[in-house]
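Peer 1: Got a structure for you, written out below as structure tokens; questions coming shortly.
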Amino acid sequence: MTRLAVVAACLAGYAAAFPRLESHLLSRAAAPPQGAGALPVTPPPFDASAQLVSTSGQYAFVPPGPGDARGECPGLNAMANHGYLPHNGYATIAQFTEACQTVFGMGADLAAFLAVYGAVVDGDLTAWSIGGLPHTGIGGSHNDYEADSSPLHADLYQYGNLYTLPKSQASQLLNMQSDASTANYNLEVLREFRATRFQQSVSENPKFFYGPFTGMAVSQAAFTFIYRFMANKSSEAPEGILNQDVLKSFYALSGTNDDVSWSGCHNRIPDNWYKRNTVDAYTIPYFLTDVLYFSETFPQLNGVGCNNGSVNTYDTISVSTLTNGAYTAAEVAANPICFALEYAAADVPSLTGLPTAELGPLASVLSSATSELKCKPIAAINKGALEACPGFTLYGGPTAPVAKGAIQPS
Ligand SMILES: *[C@@H]1O[C@H](CO)[C@@H](O)[C@H](O)[C@H]1NC(C)=O
Ligand SMILES: *[C@@H]1O[C@H](CO)[C@@H](O)[C@H](O)[C@H]1NC(C)=O
């Protein structure tokens, strides 16, 4: 059995992102409630033959065997189970980038960033594991690339590991659209679930930590990716519908909504499933609009904070103190992804201990993302501001010395 993470590090084709940004935002203002939130004003095109994802021949499902790494990202596991990534779960930057383009329609900017970040923070600079141990994969990467308040996976401190999938969380999500004939786990549903999961971490995980990059960007992506990547696109619904069967297939779930079984890492791409159109690739600016959509109803998502060692003690950390005045809380709320990426850029040298020359590829993908979004840099971060967060230093995966005194679900 292997570990799972929160980062759907999947990757792909880049569309001209900026004109779309505005249309995504406009669509939100006009969207009716219940089920239609956050759809684009102009539906994307649909091309069945280009968007059908093969699950046969060399891409047939093969469950992982001994020695195959699998982790907490359902999308990465599914790609390895179907041969879009190496079956052993260890892939190069180019393989991650290519696979996420081929399978999910991720934007090249997001794909490259997620792949390179993994290689630098959790790998050997060129490749990394979708499971793995500390510094060799995302399973050993809590608070570096994996985070608390994941949709379906566990908070590390609360459960003693970060890859298990508490049935209560799966039931909760499934029951948000309990009628299987009409269910669609779209962004509106996920926005509500996201807020619920945040509040659960506050009330159940004494060491809940919502960090500048892992919380505000990675854990948010874990929610938006569910609909944006797993939804089945069609000519009737080119932006996609995510029904119960498709959601369960990607997450390796079976059973009823109230009595869910989880088969570990047997995540499957459903047969007859259609990905995003290449002109509708999910880019970093597109992701930003989704994060802003989430925070419309739950502004706390756009700030750093933690519990102080006891549940229900969540307090925010001053972003101004954390960035030595580079960002105000209002600036962070206006563009949380700029803040998260600039924080990552400033943090990575001390986080990894690597010389600047070896950080070049990551600096390069980060700077193309932040210049596209016109972000304000952070010259130096003040990590002392995070000392109030005991969860901040909780690091590592299943083999790390963590989670003593973890509280168990009731
Ligand atoms: C995706 O949608 C198409 C068109 O409605 C349908 O034929 C196909 O079965 C769907 N795929 C899945 C996996 O539900
Ligand atoms: C944590 O916060 C609570 C409530 O604000 C406070 O009573 C408690 O003293 C704090 N504990 C620590 C260790 O700071």
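The values are calculated or read from the model by the stated rules, or taken from the named source; none is laboratory data. Computed from a predicted structure; not experimentally measured. Because the Cβ atoms are built from the backbone with ideal geometry, glycine has one as well, and the counts that use them run over all protein chains shown. Calculation scope for accessible area: heavy atoms of the full protein, side chains included, ligands and nucleic acids excluded. Shrake-Rupley method; radii C 1.70, N 1.55, O 1.52, S 1.80 Å.
Peer 1: Criterion first (more than 16 Å from ligand 2 (Cβ to nearest atom) and open to solvent by less than 70 Å² (accessible area, probe 1.4 Å)) does residue 357 satisfy it? Give the derivation first.
Peer 2: Details: more than 16 Å from ligand 2 (Cβ to nearest atom): yes; open to solvent by less than 70 Å² (accessible area, probe 1.4 Å): no.
No; evaluated as a whole, the condition is false for this residue.
Peer 1: Pick out the one residue from 209, 223 that is within 16 Å of ligand 2 (Cβ to nearest atom), at pLDDT 95 or above and either in contact with an Asp or Glu (Cβ under 9 Å, 6 or more places away or on another chain) or acidic (Asp, Glu) (or both).
Peer 2: Numbers: 223 fails: within 16 Å of ligand 2 (Cβ to nearest atom).
Just a single option satisfies the conditions, and that option is 209.
Peer 1: One residue is enough: does region 282-289 have a residue meeting the conditions away from ligand 2 (no atom under 16 Å from the Cβ) and touching a Gly at 6+ places or on another chain (Cβ under 6 Å)? Spell out how you get there, then give the answer.
Peer 2: Going through region 282-289, the residues away from ligand 2 (no atom under 16 Å from the Cβ) turn out to be 282-289.
Checking the rest, the ones that are also touching a Gly at 6+ places or on another chain (Cβ under 6 Å) come to 282-283.
Scanning region 282-289, I find at least one residue that is away from ligand 2 (no atom under 16 Å from the Cβ) and touching a Gly at 6+ places or on another chain (Cβ under 6 Å), so the answer is yes.
Peer 1: Another question, then. Given the conditions (1) of a type outside the set (Lys, Arg); (2) closer than 17 Å to residue 394 by Cα; (3) within 16 Å of the chain's Cα centre (by Cα), report the number of the one that residue 157 does not fulfil.
Peer 2: (3)
Peer 1: Does region 322-337 contain at least one residue that is in contact with a helix residue (DSSP H, G or I) (Cβ under 6 Å, 6 or more places away or on another chain), open to solvent by 10 Å² or more (accessible area, probe 1.4 Å), within 16 Å of ligand 2 (Cβ to nearest atom) and touching a residue at least 24 places away in the same chain (Cβ under 8 Å)?
Peer 2: no
Peer 1: Only one residue in 231, 170, 180 is under 19 Å from residue 251 (Cβ atoms), open to solvent by 10 Å² or more (accessible area, probe 1.4 Å), of a type outside the set (S, T, N, Q) and at pLDDT 90 or above. Which one?
Peer 2: Numbers: 231 fails: open to solvent by 10 Å² or more (accessible area, probe 1.4 Å); 170 fails: open to solvent by 10 Å² or more (accessible area, probe 1.4 Å).
Going through 231, 170, 180 in turn, the sole match is 180.
Peer 1: Read through the list (1) open to solvent by less than 40 Å² (accessible area, probe 1.4 Å); (2) closer than 30 Å to residue 101 by Cβ, then give the number of the only condition that residue 274 fails.
Peer 2: For residue 274, the failing item is (1).
Peer 1: Looking at residue 276, is it assigned to a loop (DSSP other than H, G, I, E, B), out of contact with any strand residue (DSSP E or B) (no Cβ under 8 Å at 6 or more places or on another chain), among the basic types (Lys, Arg) and within 16 Å of ligand 1 (Cβ to nearest atom)? Steps first, please.
Peer 2: Values: assigned to a loop (DSSP other than H, G, I, E, B): yes; out of contact with any strand residue (DSSP E or B) (no Cβ under 8 Å at 6 or more places or on another chain): no; among the basic types (Lys, Arg): yes; within 16 Å of ligand 1 (Cβ to nearest atom): yes.
In short, no.
Peer 1: For the structure I just gave you, tell me whether residue 346 is hydrophobic (A, V, I, L, M, F, W, C), open to solvent by 40 Å² or more (accessible area, probe 1.4 Å) and more than 16 Å from ligand 1 (Cβ to nearest atom).
Peer 2: Details: hydrophobic (A, V, I, L, M, F, W, C): yes; open to solvent by 40 Å² or more (accessible area, probe 1.4 Å): no; more than 16 Å from ligand 1 (Cβ to nearest atom): yes.
Taking the combined requirement at face value, the residue does not satisfy it.
Peer 1: I need the full set of residues from region 97-111 which are farther than 15 Å from residue 362 by Cα and either within 15 Å of the chain's Cα centre (by Cα) or open to solvent by less than 40 Å² (accessible area, probe 1.4 Å) (or both), in order please. Can you show your working first?
Peer 2: If we filter region 97-111 for residues that are farther than 15 Å from residue 362 by Cα, which is where we start, we get 98-107.
Selection gives 99, 100, 103, 104, 105, 106, 107.
Peer 1: Further question on the same structure: For residue 352, indicate whether it is within 23 Å of residue 116 (Cα to Cα), in contact with a helix residue (DSSP H, G or I) (Cβ under 7 Å, 6 or more places away or on another chain) and of a type in the set (Val, Ile, Thr).
Peer 2: On the way: within 23 Å of residue 116 (Cα to Cα): yes; in contact with a helix residue (DSSP H, G or I) (Cβ under 7 Å, 6 or more places away or on another chain): yes; of a type in the set (Val, Ile, Thr): yes.
Taking the combined requirement at face value, the residue satisfies it.
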